[in-house]
Protein chains: 2
Amino acid sequence: MRKTLGLFANVRPCKSYHPYVKTKHEHMNLVIIRENEEDLYSGIEHQQTDEVVQCLKLISRPGCEKIVRYAFEYARQNGRKRVTCFTKDNIMKQTDGMFRQVFNEIAPEYPDIANDHYIIDIGSARLADTPEDFDVIVTLNLYGDVISDIAAQIAGSIGLGGSSNIGEECAMFEAIHGSAPDIAGKNIANPSGLIQAGVMMMNHLGQNDVAEKIENAWLKTLENGIHTGDIYKPELSSEKVGTQEFADAVIARLGQKPEKLAAVTYKQTEGIRLTPYKRRHIADKTLKGMDAFIDWNGTDPNELGDVLSSITTKHLKLTMITNRGIKVWPNGFKETFCTDHWRCRFSTENGHVVEKMELIDVLTHADQLGMDVIKTENLYEFDGKPAYSLGQGQ
Amino acid sequence: MRKTLGLFANVRPCKSYHPYVKTKHEHMNLVIIRENEEDLYSGIEHQQTDEVVQCLKLISRPGCEKIVRYAFEYARQNGRKRVTCFTKDNIMKQTDGMFRQVFNEIAPEYPDIANDHYIIDIGSARLADTPEDFDVIVTLNLYGDVISDIAAQIAGSIGLGGSSNIGEECAMFEAIHGSAPDIAGKNIANPSGLIQAGVMMMNHLGQNDVAEKIENAWLKTLENGIHTGDIYKPELSSEKVGTQEFADAVIARLGQKPEKLAAVTYKQTEGIRLTPYKRRHIADKTLKGMDAFIDWNGTDPNELGDVLSSITTKHLKLTMITNRGIKVWPNGFKETFCTDHWRCRFSTENGHVVEKMELIDVLTHADQLGMDVIKTENLYEFDGKPAYSLGQGQ
């Protein structure tokens, strides 16, 4: 549903409520803004050889622009000071590289908000160890999935959190916990997650005064020790209450502010206005070749190289074979373990533009040679720059 | 180098040395065994439209078998009790699904070692919060990258850790910290990471008595308060020493055991013996169609559907169009945001086997219609079971 309705942003505030909720991290108060539609979650998987399965990671420029812009807009509206980007662009130079590049393009439009970047492994390690160092984090779908669970868990407040799913035309607000059907209707559930979701909705719509009033009343209830069973602790709580009584206690405190926990203030806004994505200048795209992936049961790459070298077109010839990304022809290492999944690059080395029919000729010729081409990836230059990776070891 | 030499396993023990090394997790003692050659790290990326970039996640059966088997062998050799598998197989049913399936196949061969599985997001959250609950974790390359940094960081011992890279024919042992050229030759570096790497090497080779003696002497040195500058604390340390003096202190304690920190015991083994991967029965593979990915600047999927529906072969016709994995034809939702990257599925619905030349006919016909096919993925059944994902919403 998220993707069908274009809900591109998942927003997950993670805050600790020490000492009322147990945590090893007393001062954390961060928000994770996770891209919600792309990445490996497109669910496009193919098995085409006995040994190898593939999943496509797809990252789009509009997807990156929308989520990064939303993160900065959210930070500004919610009085946050810094947006931190997490990617793995040292390895995935084109996909994660695009995400980071878009982040670097958009950040200067928000001079009032600081910005920085971490590689996902080091960033996650810092987040897990000293979450109080972070403010707003924006990241790709898979990384966001992992770090938003880490942050909620170490805050100790999974049962109390709200989240939102934001699109250009629709938005959806929910508690981060599940529907807990086993306790439905028993008046024992903690409604805090839904209250938090309501606060997020009010802020999103620009009813910031309402959001502020509800959240402060809720914080006051928490520090007064009026607790549902899930967070009740004799040494800290004053009263164990049910769902309805907890809600009544919050309502009774509307207009009050917490004294031990920090009160929230939200400045009045018109809600977050999202500028719809606009397609940019279309780059000049030229075809330079094709990676043909072959299912082959042999073990010696030179044998495969010999067969495929016989395939040539006006501009194309075999220039490289890799196995799991590692160059194995020409001049591979015998220690490299090879699966039955071979990427065979046919490319032009002389700057010529390749015709589509040349690719079809390669496929036809390969079929005649009994070579089992199972997938293809065309090689392009955009505005004269190669837009495909080299082989590792090339 | 790791991939060229077939070093498929990265092994990263993460242990806290409370109170000598600062940590919020006093009792953690786990080992992360990370697949080291596959996943998104194959570095195969292509941009083929203005808006969309792709990275291939490749997972192989031999890759899964080797790392899972190594994890259990390691656990057995090192006296570990449980191996936990981390995947995201609820989303990536074929790639991560294969990893988990292989784990489930191999685990029963080790009845002396317990086993379980976590989805990566929840597992990482648990790891970050209560690392003392884990023993050995085996996982895919990207997840392993992230969680091994988390574990080292929260243990507080990045500066003290060793790691190994294990292959069938070679192995490499190193400190997890970098080479720190700024302090080279100054006699101030903490050599503990290299000492730990040495301990791992001795264990790997089956010189377990030597490994035990060195590690216990090192633990004794640590608890005697003989510390290099990076971990020196006046309230806990007795002496601040240089690299050479620290090494001398360890050597002087060979044969001694720690009293406050737990001493290690390694049982005598012949080292880890790895059975080389053997290719299994080759499944019966039948071609059922092709996903042709098209670069198209339009916005109405029905328009694209109309054009492509005119392409038919003996067994193939257009059956689905998706954009970023979401079905947009037939019967899409107008709210779905579409990029210029369209997956157009040509498939047979009547159980026939498709000929390779039919795929080439589709490509030729598409070219004649001015449709810009930028990549293809063949659709196969293995032993009669479809080995490709459906569209989301299909």
Within region B:146-156, the residues that are in contact (Cβ under 8 Å) with a residue 60 or more places away in the chain and open to solvent by 10 Å² or more (accessible area, probe 1.4 Å) are B:Gly156
### Task
Return yes or no: is A:Ala9 among the small types (Gly, Ala, Ser), at negative phi, at pLDDT 95 or above and open to solvent by less than 10 Å² (accessible area, probe 1.4 Å)?
yes
Within region A:35-56, residues facing another protein chain (nearest Cβ under 7 Å) and in contact with a helix residue (DSSP H, G or I) (Cβ under 8 Å, 6 or more places away or on another chain) come out as A:Glu37, A:Glu38, A:Leu40, A:Tyr41, A:Glu45, A:Asp50, A:Glu51, A:Val52, A:Val53, A:Gln54, A:Cys55, A:Leu56
Reported set for region A:358-375 where residues are in contact with a helix residue (DSSP H, G or I) (Cβ under 7 Å, 6 or more places away or on another chain) and at the interface with chain B (Cβ under 7 Å from one of its Cβ atoms) is A:Ile360, A:Leu363, A:Thr364, A:Asp367
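Residue-by-condition table, conditions (1) under 27 Å from B:Tyr74 (Cβ atoms); (2) free of Cβ contacts under 8 Å to residues at least 24 places away in the same chain:
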residue: B:Met201; (1), (2): yes, no
residue: B:Glu215; (1), (2): yes, no
residue: B:Thr221; (1), (2): yes, no
residue: B:Asn224; (1), (2): no, no
residue: B:His227; (1), (2): no, no
residue: B:Ile231; (1), (2): no, no
residue: B:Val241; (1), (2): no, yes
residue: B:Val250; (1), (2): yes, no
By residue number, the members of region B:323-337 that are under 35 Å from the mean Cα position of the chain (by Cα) and either within 10 Å of A:Thr4 (Cα to Cα) or within 7 Å of chain A (Cβ to nearest Cβ) (or both) are B:Arg324, B:Gly325, B:Ile326, B:Lys327, B:Val328, B:Thr336, B:Phe337
Q) Do the conditions hold for B:Asn190, that is, is it touching a strand residue (DSSP E or B) at 6+ places or on another chain (Cβ under 7 Å), more than 22 Å from A:Tyr118 (Cα to Cα), open to solvent by 10 Å² or more (accessible area, probe 1.4 Å) and not in a helix (DSSP H, G or I)? A) yes
With criteria (1) in contact with a strand residue (DSSP E or B) (Cβ under 8 Å, 6 or more places away or on another chain); (2) part of a helix (DSSP H, G or I); (3) within 17 Å of B:Asn10 (Cβ to Cβ), B:Gln153 comes up short on (1)
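Rundown of residues vs (1) touching a helix residue (DSSP H, G or I) at 6+ places or on another chain (Cβ under 6 Å); (2) closer than 15 Å to B:Leu261 by Cα; (3) assigned to a strand (DSSP E or B), yes/no style:
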{"position": "B:Asp209", "(1), (2), (3)": "no, no, no"}
{"position": "B:Glu212", "(1), (2), (3)": "no, yes, no"}
{"position": "B:Trp218", "(1), (2), (3)": "yes, yes, no"}
{"position": "B:Ile231", "(1), (2), (3)": "no, no, no"}
{"position": "B:Leu236", "(1), (2), (3)": "no, yes, no"}
{"position": "B:Glu245", "(1), (2), (3)": "no, no, no"}
- Is it true that B:Thr243 is polar (S, T, N, Q), open to solvent by 30 Å² or more (accessible area, probe 1.4 Å) and closer than 30 Å to B:Ala387 by Cα? no
Note: among B:Ile59, B:Ile91, B:Ile32, just one is more than 8 Å from chain A (Cβ to nearest Cβ), in contact with a helix residue (DSSP H, G or I) (Cβ under 9 Å, 6 or more places away or on another chain) and aliphatic (A, V, I, L, M), namely B:Ile32
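Answer with yes or no whether B:Ala114 is buried (at least 21 other Cβ atoms within 10 Å of the Cβ), farther than 30 Å from A:Glu335 by Cα and over 14 Å from the mean Cα position of the chain (by Cα).
Values: buried (at least 21 other Cβ atoms within 10 Å of the Cβ): no; farther than 30 Å from A:Glu335 by Cα: yes; over 14 Å from the mean Cα position of the chain (by Cα): yes.
Against the criterion (buried (at least 21 other Cβ atoms within 10 Å of the Cβ), farther than 30 Å from A:Glu335 by Cα and over 14 Å from the mean Cα position of the chain (by Cα)), B:Ala114 does not qualify.
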In region A:308-354, residues that are basic (Lys, Arg), open to solvent by less than 30 Å² (accessible area, probe 1.4 Å) and touching a helix residue (DSSP H, G or I) at 6+ places or on another chain (Cβ under 7 Å) total 1
Checked region B:24-73 for anything open to solvent by 10 Å² or more (accessible area, probe 1.4 Å), among the basic types (Lys, Arg) and under 10 Å from B:Asn141 (Cβ atoms); matches are B:Arg34
Looking across region B:91-112 at residues that are of a type in the set (A, V, I, L, M) and in contact with a strand residue (DSSP E or B) (Cβ under 6 Å, 6 or more places away or on another chain), the single one that is farthest from A:Asp149 (Cα to Cα) is B:Ala107
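Within region A:87-99, can one find any residue that is acidic (Asp, Glu) and open to solvent by 10 Å² or more (accessible area, probe 1.4 Å)?
yes
Scan B:Glu303, B:Glu270, B:Glu335 and give me the residue that is over 30 Å from B:Asp50 (Cβ atoms) and of a type in the set (Asp, Glu). Please lay out each step first, then the result.
On the way: B:Glu303 fails: over 30 Å from B:Asp50 (Cβ atoms); B:Glu335 fails: over 30 Å from B:Asp50 (Cβ atoms).
Just one listed residue meets the conditions, B:Glu270.
Being over 30 Å from A:Arg80 (Cβ atoms) and either charged (D, E, K, R) or in contact (Cβ under 8 Å) with a residue 12 or more places away in the chain (or both): is that true of A:Glu245 here?
Working: over 30 Å from A:Arg80 (Cβ atoms): yes; either charged (D, E, K, R) or in contact (Cβ under 8 Å) with a residue 12 or more places away in the chain (or both): yes.
Yes: the conditions hold for A:Glu245.
Of all residues being assigned to a loop (DSSP other than H, G, I, E, B) and either touching a strand residue (DSSP E or B) at 6+ places or on another chain (Cβ under 7 Å) or free of Cβ contacts under 8 Å to residues at least 60 places away in the same chain (or both) in region B:344-357, which is farthest from the other protein chains (Cβ to nearest Cβ)? Just the residue, please. Lay out the reasoning, then the answer.
Looking only at region B:344-357, we keep the residues that are assigned to a loop (DSSP other than H, G, I, E, B), and these are B:348-355.
Then keep just the ones that are either touching a strand residue (DSSP E or B) at 6+ places or on another chain (Cβ under 7 Å) or free of Cβ contacts under 8 Å to residues at least 60 places away in the same chain (or both); that gives B:348-354.
Details: B:Thr348: 16, B:Glu349: 18, B:Asn350: 21, B:Gly351: 19, B:His352: 18, B:Val353: 14, B:Val354: 13 Å.
Among those that are assigned to a loop (DSSP other than H, G, I, E, B) and either touching a strand residue (DSSP E or B) at 6+ places or on another chain (Cβ under 7 Å) or free of Cβ contacts under 8 Å to residues at least 60 places away in the same chain (or both), it is B:Asn350.
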Here the residues within region B:2-22 that are polar (S, T, N, Q) and more than 9 Å from chain A (Cβ to nearest Cβ) are B:Asn10, B:Ser16
For A:Leu261, the lone unmet condition from (1) within 14 Å of another protein chain (Cβ to nearest Cβ); (2) of a type outside the set (S, T, N, Q); (3) closer than 29 Å to A:Asn190 by Cβ is (1)
Here the qualifying pairs (Cβ atoms under 6 Å; residues six or more apart or on different chains; first in region A:271-289 and within 10 Å of another protein chain (Cβ to nearest Cβ); second assigned to a loop (DSSP other than H, G, I, E, B) and open to solvent by less than 90 Å² (accessible area, probe 1.4 Å)) come out as A:Pro276/A:Glu168; A:Ile282/B:Asp50; A:Ala283/B:Asp50; A:Leu287/A:Val354
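Give B:Tyr70, B:Tyr118, B:Tyr74 a once-over and let me know the one that is within 14 Å of chain A (Cβ to nearest Cβ) and within 15 Å of B:Leu274 (Cβ to Cβ). Before you say what the answer is, go through the steps one by one.
Working: B:Tyr118 fails: within 15 Å of B:Leu274 (Cβ to Cβ); B:Tyr74 fails: within 14 Å of chain A (Cβ to nearest Cβ).
Being within 14 Å of chain A (Cβ to nearest Cβ) and within 15 Å of B:Leu274 (Cβ to Cβ) holds for just one of B:Tyr70, B:Tyr118, B:Tyr74, which is B:Tyr70.
The values are calculated or read from the model by the stated rules, or taken from the named source; none is laboratory data. Note that the structure is predicted; figures quoted are calculated from it, not measured. No Cβ is skipped: glycine too gets one built from the backbone with ideal geometry, and neighbour counts run over all protein chains shown. Heads up: the accessible areas ignore ligands, DNA and RNA and are worked out on the full protein's heavy atoms, side chains in. Shrake-Rupley method; radii C 1.70, N 1.55, O 1.52, S 1.80 Å.
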